[in-house]
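Report on the structure given below.
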Amino acid sequence: YQMLRHDDVKLPSDVGYLELLQLIQSGIPIKLSNGKDFLLGEIHENSPLRGHFLSSEAAKPLHQNAEVIALLHDGDILVPNGQTKLHNKDQLLVLAESDKTGKIRELLAPPSSSRQDSVDSGQIQTF
């Protein structure tokens with residue numbers, strides 16, 4: 001979110017920063033020109049990913065099909081690694097090949113609106 005507020009991020013003239021943020025928060029994949037999709041999804045209560053580390057066998061369908069760029073956990077933006085544990089209501093910002101987005105959407109629920117305002121902008125941590 002913080003990056004979107006910098007002047008060096010160029011958006012098409014008909015898209016504003018708040019509109020882009022709302023699109024990301026909706027969970028709708030954003031198609032990029034390089035054939036990849038950018039999307040935000042949430043670990044839900046019954047998710048097969050819940051309680052597992054990102055590098056675990058249970059999370060293999062996620063890390064084989066997408067790159068997890070950031071994780072929103074308890075109001076903080078974290079840079080995940082293989083030892084990052086996935087919790088209920090964690091939101092994952094992922095980059096995936098367009099043909100793999102369907103698999104990612106099977107693993108992650110659309111983001112819940114109650115979490116969207118809880119991120120403390122500017123607080124990026126390695127986790």
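Amide H neighbours of residue 69 under 5 Å, at least 5 residues apart or on other chains, H built in the peptide plane: list them.
Distant-sequence amide H within range of residue 69: 93, 94, 95.
What are the lysines whose alpha-carbon lies under 16 Å from the alpha-carbon of residue 36, with same-chain residues fewer than 8 places away excluded?
Those lysines meeting the cut-off are 100, 103.
Scan region 36-66 for GluC sites (Glu not before Pro) in coil per DSSP, keeping those whose Cβ has at most 14 other Cβ atoms within 10 Å, and list them by number.
Numbers: sites: 42, 45, 57; in loops: 45.
Answer in residue order: 45.
Taking the simple approach of a point 7 Å from Cα along Cα-to-Cβ for both residue 83 and residue 99, what is their distance in nm?
Computed distance between label sites residue 83 and residue 99 equals 3.6 nm.
Read-outs: derived from the displayed coordinates by stated rules, not from any lab. Predicted model only: the values in this text are computed from it and were never measured. Note that we place each Cβ from the backbone using ideal geometry, even for glycine, and neighbour counts take in every protein chain shown.
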